[in-house]
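Each remark here refers to the structure printed beneath this line.
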Amino acid sequence: MAGNSTEYIKHHLTNLTYGKLPAGYERHGEHGAEVITQDTWTMAQTAAEAKAMGFSAFHVDTLGWSVVLGTLFCFLFWLAARKATSGVPGKLQNFVEVIIGFVDTNVRDTFHGKSTLIAPLALTIFVWIWLMNFMDLIPIDFIPVFSSWVGSTFFGMDPHHVFMKAVPTTDPNATLGMSFSVFMLILFYSIKMKGIGGFTKELTLNPFNHWLLIPFNLVLEGIGLITKPISLGLRLFGNMYAGELIFILIALMFTGGLALGVLGGGLQIVWAIFHILVITLQAFVFMMLTIVYLSMASESHDH
C-alpha cells in the first residue's frame, strides 16, 4: 500500500516532459535496458529521464494548459465585447464588467503613474492565473486517467508513463516565467521614468547617500530587486503545489476502506470550498504585487 501510494503521488506530481536524451543514456523500459546511440528527442518515461534531458526539456502539460486557458480567457472576453449592449446586459457581459471594474478600481487606487499597459496587464494576470488555479478543483484523477487512456490508445504509449499535471501554477517554470516577465517590465519602467543614470543612482546611493557605501548599497538594492520576481513566483507556486498535494493525499483515503472513504469525501468537499478562496486570493496577490512593483518603478527619481 505504501509503495502504491508513493507511486500514485509521484505520478500525479510529474510533468509530461518532452526533451532530448543524450547519446549513451541507458533507458530502462518494459523490454529491458536500452542504450541510446544518438541524441534523441522523445517523451520522458520517468522523472529520471526528464532530469537527464536538462535545460532542453519542455513541460508539455504546463505549456499546453497555459495556452488553452489563455485562449479561453481571450475568447470569453471577446465574446462578451462582441455581444455587449447598452441595453439589458446578458450574464456573460455582467460577469466580465464586474471583473473589469474590480481590476480597474485596484489599478487606479494602486498605480500612481501613467500607462495604458497596466490595466490590461493586471486584468490578464488576474483572470489567467485564476483559470490556471481553477484546474486544481477538477477531480484529481479525471485528467491524468483520461490522458493515460489517450496516450495508450492513440499514441501507443505505456499508460504508466503518461503524466499530466493539469494545474500550470504547480509548476515553478510557469510561475517564475510570469514573475520574471514582470521583472523585465520593472526594469523597463525604471529606466524609462528615471533614465539609466537615475536608475543607477537609485541602486548605488540608496539607502545611504555616500560614495563610500556604494558597494554596500548596490548589494542591498540588487538583492531587493532580484527577490521581487523570485518571491512573486515562488509564493504562487508554493501555495498551489501544497493545495494540489493535499487533494492527492485526500484522494488516497478512498483506498483505505469505507470509513476513510467517507471521511475523505467530506474532507474533499471542505477543502475544495476553502480552495476557491485560495485560488482567487493567489491570483489577486500576484496581480496586486505586480501593480505595486510597477508603480514603484514608475515613480520619478525626485520622489
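Laboratory data are not the source of any read-out in this text; all were calculated from the coordinates shown. Just so it is clear, the model here is predicted, and its values are computed rather than measured. Positions of Cβ are backbone-derived with ideal geometry, glycine not excepted, and every protein chain shown enters the neighbour counts.
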With 0.36 nm assigned to each residue of separation and the Cα-Cα distance removed, ILE214 to VAL88 gains 39.2 nm
Diffusion constant of the range 204-303 at 10 °C, which comes from Stokes-Einstein with the Kirkwood Cα-pair radius and 1.306 mPa s, µm²/s: 92
Cα-based equivalent ellipsoid of the range 1-157: semi-axis lengths in Å, sorted from largest, via gyration tensor: 43, 19, 15
Residue-averaged 222 nm ellipticity for the chain, from DSSP H runs of 4+ at -39500 (n - 2.57), nearest 500: -23500 deg cm²/dmol
Cα-derived Rg over Rh, computed across the range 75-167 with Rh taken as Kirkwood radius: 1.18
So for R0 = 22 Å, FRET eff. of PHE180-LEU79 from the Cβ-Cβ r, to 0.05, ends up at 0.10
To the nearest 0.05, the calculated FRET efficiency linking SER56 and ALA242 through their beta-carbon distance, R0 being 30 Å, is 0.55
For the range 55-105, what is the convex hull volume of its Cα atoms per residue in Å³? 98
Name the lysines eligible as straight-distance cross-link partners of LYS114: C-alpha to C-alpha under 26 Å, and not fewer than 8 places from it in the same chain. LYS192, LYS194, LYS201, LYS228
Rounded to two decimals, what is Rg over Rh for the range 231-275 when you use alpha-carbon atoms and the Kirkwood radius? 1.13
Virtual spin-label span in nm between ASP109 and GLU299, 7 Å along Cα→Cβ: 1.9
Share of Cα-Cα pairs in the range 145-212 beyond 19 Å, in percent? 63
Estimated FRET transfer efficiency (LYS10, LEU252; beta-carbon r; R0 22 Å; 0.05): 0.95
